[in-house]
Amino acid sequence: MKLPKPTNILLIGSGGRECAFAWKIAQSENLGKLFIAPGNAGTAAYGTNVDIDPNDFAMVKHFVLTNFINIVVVGPEEQLVKGIRDFFLSSDDARHVPVLGPSKAAAQLEGSKSFSKAFMEKYGVPTAKYLEVTAQNIEQGKSFLGTLKPPYVLKADGLAAGKGVLIIDSIDEAKSELEDMITSKRFGEASAKVVIEEYLSGIECSVFVATDGKSYKVLPEAKDYKRIGEGDTGLNTGGMGAISPVPFADELFMNRVKRRIIEPTIKGIKAEGLDYCGFIFIGLMNCGGNPMVIEYNVRMGDPETEVVLPRITSDIIDLFDGIVNKTLRSKELTISPKYAATVVCVAGGYPGDYEKGKVITGIENVTGSTVFHAGTKKGAKGEILSNGGRVLAVTSLSTSVKAAAARSFKAIKEINYEGMYYRRDIGKDLL
Ligand code: AMP
Ligand code: GLY
């Protein structure tokens, strides 16, 4: 390892993903101190939460320098798109501290749909046909819609907190939404530009790749459950559960993903001179055995991380070292053949309005599963309070999808808070 041993880590973020990272990092014998900014009530069990705003890069740097941090691991996309890696690299006194995550320019793969579509087109990565539309070519956009079959997919170009994608059945409605997104900035500046896409039908799968910009390693893939309701009904959420491995992502399919998607993506990153040391999350659609990319994300998924990391049996800090020091090729990544299921418990009302501050009880009675905290915080008396829409992610490992999911459902029976809701069908479609 080039990272000093023991390694002091600052982990950025406060969700279930970061709780899973903290849990995995804490198992490493290479760990010195772990800090999480800002963290949640769950991450506090694996390290020290620090109350700093992760968007205040000067504050983050001050903390890093005064606490002898050796690596900054960034969970969410927000700070990456805002350029936290560039900030450190351009700072004389903090340049030596590697930031795990892509540069601002490379983070455009998630931060701008039009950038990522042009990248995919240029490097031959299979994706849906598309057109980029701004105030200058709305009429062209409407004609393009006329060449597609319903439903119609409209995407705000910029980050819109996962809400910027509309899927519309009627062409007239699609045309008026297109106009509305651009001219009335329905999603603010994010929708001053819109990407219209051909609709892909199939089953979605999330593929995760670690890269140092030169080589890559494929992490376990996962399937996410995005809708609030059972049977994939109702509003979109951040994710209600996940399963890994994905039964249809067999060797043939994953070889296609590697050859047709991952390799051209890495080649493109190199050819464009993008500084990419981090994770790539490829959201793809299995269209009759042919993988097509829906989107790139420049980070790990949430709740997918809560099933991906529990299946990784090798040391995570050693993997981080390979990523930031560009020695990934020589690193060992071992993966458990077990199935992992995570079931997300959300606040009543989510993804609409919901209340925070509900007392959560019973987590300590859970055995045989891991409870990752998402939106939680400690109350004045040390009690655990809900503090977000997605509250907990309960992960279990077993020999089948069914057994892993059943174990999480059983664990959840121990847990209680007012308004608790979860989907009882996570994994059911894969049986
Ligand atoms: P995105 O923010 O790009 O992940 O889109 C959100 C969700 O919209 C995806 O997870 C898909 O379920 C759906 N979606 C996006 N693009 C398409 C497409 N071209 N065809 C079908 N579904 C799509
Ligand atoms: N689970 C989807 C995401 O993290 O964007």
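Some values worked out for this structure:
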| quantity | calculated |
| --- | --- |
| The stretch 157-245 - Kirkwood radius from inverse mean 1/r over Cα pairs (Å) | 15.7 |
| Alpha carbon convex hull of the stretch 25-122, volume per residue in cubic angstrom | 125 |
| Å³ per residue enclosed by the Cα convex hull of the stretch 374-431 | 92 |
| Residue 258-residue 327 FRET efficiency (beta carbon distance; Förster radius 25 Å; 0.05 resolution) | 0.75 |
| Translational diffusion coefficient (Stokes-Einstein; Kirkwood radius from C-alpha pairs) of the stretch 1-60 at 25 °C, 0.890 mPa s, in µm²/s | 212 |
| Span per principal axis, largest first, for the Cα atoms of the stretch 109-228 (Å) | 44, 29, 26 |
| Antiparallel bridges, percent of DSSP beta bridges restricted to the chain (to nearest 5) | 80 |
| Normalised contact order of the stretch 309-394, rounded percent, pairs of Cα under 8 Å and 6 or more residues apart | 28 |
| Label zone at residue 89, where the point sits 7 Å out along the Cα-to-Cβ direction: the stretch 105-142 residues whose backbone N lies under 13 Å | 105-108 |
| Total charge dipole magnitude, the chain, about the Cα centre, Cβ charges on Lys, Arg, Asp, Glu only, Debye to nearest 20 | 880 |
| Among the listed pairs 185/378; 104/326; 226/402; 175/223; 5/223, those beyond 28 Å (Cα-Cα) | 185/378; 175/223; 5/223 |
| The stretch 328-408 - Kirkwood radius from inverse mean 1/r over Cα pairs (Å) | 14.4 |
| Cα gyration tensor, the stretch 94-153 - rounded (a/c under 1.5), prolate or oblate | prolate |
| Cα→Cβ-extended label distance, 7 Å offset, between residue 380 and residue 53, nm | 2.6 |
| Compactness relative to 2.2 N^0.38 Å, alpha carbon Rg of the stretch 208-338 | 1.07 |
| Principal axis dimensions, the chain - Cα atoms, whole angstrom, descending | 58, 50, 44 |
| Ratio of the Cα radius of gyration of the stretch 259-312 to 2.2 N^0.38 Å, where N counts its residues | 1.27 |
| Segment residue 29-residue 418, length gained on full extension (0.36 nm per residue, minus Cα span) | 136.2 nm |
| Spin-label model distance (nm) - residue 353 vs residue 251, 7 Å beyond Cα toward Cβ | 5.6 |
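Taken together, the values in this text are just the output of simple stated rules run on the coordinates, not laboratory data. Just so it is clear, the structure is predicted and the values come from calculations on it, not from any experiment. Note that we place each Cβ from the backbone using ideal geometry, even for glycine, and neighbour counts take in every protein chain shown.
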